[in-house]
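Peer 1: Shown below is the structure under consideration.
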Amino acid sequence: MNTLLNEVIEAHGGIDRWNGFDTMSAHLSQGGIIWPLKGKGGMLDEVDIRIKLHTPWTSHHPFGAPELRTAVTPERAAIENVDGSLVDELLKPRASFAGHQLPTPWNDMQLAYFVGYAIWNYFTMPFTLAGPGFSLAELSPWKENGQVWRRLQVTFPADLATHSPVQTFYFSDDGLMRRHDYEVDISGGAPAAHYLSEHVTVQGITLPTRHMIYVRDADGGHQADPLVVSIDVSAILFA
C-alpha cells in the first residue's frame with residue numbers, strides 16, 4: 001500500500017476495523033444550488049442513506065415520497081417501494097447523461113444514480129482506495145489557509161462509478177481527509193473543490209460530518225459563492 005494512504009487509513013480507524021463492518025447508515029441534511037438547478041429542489045433536503053461498504057450499493061429514503069427508496073449500483077439505478085417492489089429502473093444509467101452540462105436538468109432516475117454513486121464514494125473514502133485497480137501518486141504539498149496538506153492523486157478503476165477517472169485528495173498533519181478535487185463528468189466535467197470537516201469517530205471509524213462543495217477555479221482555489229452542495233451528516237451507524 002502507498003505509504004501516505006496507509007497513514008491516512010490508520011488515522012481514519014484502520015483497515016481491519018473497517019473490514020469488520022458491512023454497512024453504514026446515516027441521516028443527511030442537504031443544501032446547495034445543485035438541487036434546484038437540476039429541477040429537484042427540496043427532494044433530498046432530509047434523507048436517510050444506507051450503503052454497503054465493500055461493494056458499490058447505495059439506498060436513499062425517502063426518495064420523493066415517504067414510501068419510496070432507491071437502490072443504486074454502477075450499472076443500475078432503481079426506485080422501489082419500501083417493501084422492495086420495483087417502481088422503475090434504469091440500466092447503464094451513466095449513458096443517459098451524454099451531452100449534459102452543469103445546468104442540464106435531471107429526471108428522477110438520473111438523480112437516483114448521481115446521489116447513489118456520489119454518496120458511496122464520499123463515505124467509503126479513504127478505505128476504498130486500498131482496493132484493487134487504483135493507481136496512486138503523491139503530489140507536492142498544497143498550502144491553503146495557513147495549512148500545508150499532503151496530496152494524493154488517484155486514478156480510479158474503470159468499472160467503478162465515480163465523478164472522474166483522476167481525482168486528488170488532501171490530508172492534514174493528523175492524516176484526516178480535508179479536501180477532495182474532481183471533475184463531475186456527467187455534468188460536462190464541472191470542476192469541484194469538496195471540503196470535509198467536523199470529523200467524528202463512530203465505532204472506531206473517523207469520518208467528516210460536514211461536506212461543502214464549490215466550483216474549483218483554474219488555479220485550484222474557489223469562490224465562496226455559489227455553494228454547489230452542502231451535506232451535514234448525523235445518526236451514523238456501522239453494522
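The values are calculated or read from the model by the stated rules, or taken from the named source; none is laboratory data. Everything numeric in this text was worked out from a predicted model, so none of it was measured. Note: ideal-geometry Cβ built from the backbone for every residue, glycine included; neighbour counts use all protein chains shown. Note: accessible area is taken over every heavy atom of the protein model, side chains too, but ligands, DNA and RNA are not part of it. Shrake-Rupley method; radii C 1.70, N 1.55, O 1.52, S 1.80 Å.
Peer 1: Of 189, 214, 34, whose Cα points farthest to the positive end of the dipole of the chain (charges on the beta-carbon: +1 Lys, Arg; -1 Asp, Glu; origin at the Cα centre)?
Peer 2: Going by the Cα projections, it comes out as 189.
Peer 1: In addition: Run the accessible area of the range 164-239 with a 1.4 Å probe and give the carbon-and-sulfur part as a rounded percent.
Peer 2: Values: 1620 of 2950 Å².
It is 55 percent, rounded to a whole number.
Peer 1: Now a separate question. Among 60, 211, 100, which one shows the highest mean-square fluctuation when the chain is modelled as a Gaussian network with alpha-carbon springs under 10 Å?
Peer 2: Fluctuation is largest for 100.
Peer 1: In square nanometres, what is one fourth of the surface area of the convex hull spanned by the alpha carbons of the range 39-167?
Peer 2: Taking the Cα atoms of the range 39-167, their convex hull projects to 9.7 nm² on average.
Peer 1: What does the helix-only formula give at 222 nm for the chain: each DSSP H stretch with n ≥ 4 adding -39500 (n - 2.57), the total divided by the residues, and the result rounded to the nearest 500 deg cm²/dmol?
Peer 2: -4000 deg cm²/dmol, from helical runs alone.
Peer 1: So, in Å, what gap is there between the alpha-carbon centers of the range 123-199 and the range 81-107?
Peer 2: If you average the Cα positions of each part, the centres end up 25 Å apart.
Peer 1: For the range 49-120, what is the Kirkwood hydrodynamic radius in Å, using each pair of distinct C-alpha atoms?
Peer 2: Result for the range 49-120, one decimal place: 12.3 Å.
Peer 1: Quick one: pull the percent of accessible area on the range 16-80 belonging to carbon and sulfur, 1.4 Å probe, ligands and nucleic acids left out.
Peer 2: Working: 1390 of 2770 Å².
So the carbon and sulfur contribution to the accessible surface is 50 percent.
Peer 1: In whole Å, what are the extents of the range 82-148 along the principal axes defined by its C-alpha atoms, from largest to smallest?
Peer 2: 49, 30, 23
Peer 1: I've got another one for you. Please report, largest first and rounded to whole Å, the three semi-axes of the ellipsoid equivalent to the range 158-215, where each semi-axis is the square root of five times an eigenvalue of the C-alpha gyration tensor. Working shown, then result.
Peer 2: Values: eigenvalues 112, 33, 22 Å².
Semi-axes (√(5λ), whole Å): 24, 13, 11.
Peer 1: By how many degrees, between 0 and 90 and to the nearest 10, does the Cα long axis of helix 108-124 differ from the longest principal axis of the chain?
Peer 2: That works out to roughly 30 degrees.
Peer 1: To continue, here is another question. Taking R0 as 45 Å, what's the FRET efficiency between residue 225 and residue 83 from their Cβ-Cβ distance, rounded to 0.05? All intermediate terms of the calculation are to be shown ahead of the outcome.
Peer 2: Values: r = 43 Å, r/R0 = 0.95.
Computed FRET efficiency for residue 225 and residue 83 comes out at 0.55.
Peer 1: Another question, then. To the nearest µm²/s, what D does Stokes-Einstein give for the range 90-220 at 4 °C and 1.567 mPa s, using the Kirkwood radius over alpha carbon pairs as Rh?
Peer 2: 82
Peer 1: Stick to the Cα atoms of the range 114-184, pair each with every other, and give me the Kirkwood hydrodynamic radius in Å at one decimal.
Peer 2: 12.8
Peer 1: Another question about this same structure. Counting only heavy atoms of protein chains, what accessible area per residue, in Å², does the chain have with a probe of 1.4 Å?
Peer 2: That works out to 43 Å² for each residue.
Peer 1: Hull surface divided by four, with the convex hull built on the Cα atoms of the chain: how many nm²?
Peer 2: Mean shadow area of the hull around the Cα atoms is 12.2 nm².
Peer 1: Taking N as the number of residues in the range 4-79, what is its alpha-carbon radius of gyration divided by 2.2 N^0.38 Å?
Peer 2: The range 4-79 yields a ratio of 1.36.
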